[in-house]
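Only one structure is covered here, and it is reproduced in the block below.
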Amino acid sequence: MQLLNVAWDTAATLVCDLNLLDYRGAEEDQQNIAYWRSARIQLNTGLAIAQQGSEFLLKARIAREDPYMLLGDEGREWSKKLNSKPKSFLEFRTVDAQDLVRIHDSVCRLIAVYRCSHRI
């Protein structure tokens with residue numbers, strides 16, 4: 001959650017700073033465009049931080065139910081790796097960020113169905 005706060009603070013600070021500048025007249029649009037161009041790196045950094053924060057939150061919710069859902073290797077790959085020397089959990093590949101929302105939604109649906117059927 002902290003990463004999302006940092007990203008929001010970056011964007012809010014840039015907007016507040018722009019509002020403090022006193023542009024008037026025909027050059028106002030040009031000045032605004034120049035300001036946002038100069039802030040591009042900060043905006044891109046804020047966006048990257050927000051995306052990473054969102055990924056962490058999704059992973060946390062998935063891991064709360066089943067951390068193995070975050071492993072990206074297929075089951076047949078696990079057996080190959082397990083037949084060799086012992087592997088650390090860190091050596092397994094994790095799911096891609098683009099799949100996190102789908103996995104999260106699937107896990108939440110399964111949990112909801114389970115709880116309804118068992119009246120938890």
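Some notes on this structure:
- Looking only at segment 16-29, and only at residues there that are loosely packed, with under 11 Cβ neighbours inside 10 Å and not acidic (D, E), the one that is modelled with the highest pLDDT: C16
- Which numbered condition R93 fails, given (1) at positive phi; (2) at pLDDT 80 or above; (3) not aliphatic (A, V, I, L, M): (1)
- The residue of segment 10-47 that is nearest to L70 (Cα to Cα), among those that are in contact (Cβ under 8 Å) with a residue 24 or more places away in the chain and out of contact with any Gly (no Cβ under 7 Å at 6 or more places or on another chain), is L47.
The values are calculated or read from the model by the stated rules, or taken from the named source; none is laboratory data. All values reported here derive from a predicted model rather than from experimental measurement. Positions of Cβ are generated from backbone atoms using ideal geometry, with glycine treated the same way; all protein chains shown enter the neighbour counts.
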